[in-house]
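Notes for the one structure printed next.
Please treat every number below as a calculation from the coordinates, not as lab data. Predicted, not measured: the structure shown is a model, and the values here were computed from it. Virtual Cβ from ideal backbone geometry, glycine too; neighbours counted across all protein chains shown.
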Amino acid sequence: CRQRLFSASLLCLILALLAAGVALAAGNISTTDKWAWSTNAGWINFNPDNGGVTVYNDHLEGYAWGENVGWIRLCTHTGGSPHTYGNTSNTDYGVNRNTTTGALSGYAWSTNAGWINFAPANGGVTVSPAGVFSGYAWGENIGWIKFNGSAQNSTTYKVATAGPLAVTLASFA
């Protein structure tokens, strides 16, 4: 009886973690260049211990963590295959990446911060071929999120991948 109770409790715990949407795998963001800043939300970590963001050629996947806002989910798709988010409902939202310019578009979601727009008017975020993020995203509840800059103590910060991004071969012509 104790064995079944323990097994049921363990299963419930696993399902609760999955339902909460906490990613358990790390992404391809640098272990040092992983911080974005928001005056209202504070530091946002794109490579937290129990999550992480992966930048693919055409989209982003995974979770970022902000101490003041909790988990920020960047997508509804998982698996790394080519994908474009429609951003028309709560089942197909996410952050797309233009394969030519590196410009990001679409939305991330945080239970505490709400929707975060990666291509707002007067802003926008780009990921260079070297994997370096630049620009600003906007969240109605948290304001601007800056992806690289200098902190008040003159320390620089940025979000970048651990190496250059992979490219997709269009043809052998």
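Listed values, structure above:
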read-out	value
Summed side-chain charge close to GLY27 - residues other than GLY27 whose Cβ falls under 15 Å, Lys, Arg +1, Asp, Glu -1	0
Cut-off 14 Å between beta-carbons: net charge of the residues surrounding HIS83, Lys and Arg +1, Asp and Glu -1	-2
Cα gyration tensor category, rounded, prolate or oblate, for region 55-168 with a/c compared to 1.5	oblate
Förster radius 25 Å - calculated FRET efficiency between ASN122 and ASN98, Cβ distance, rounded to 0.05	0.85
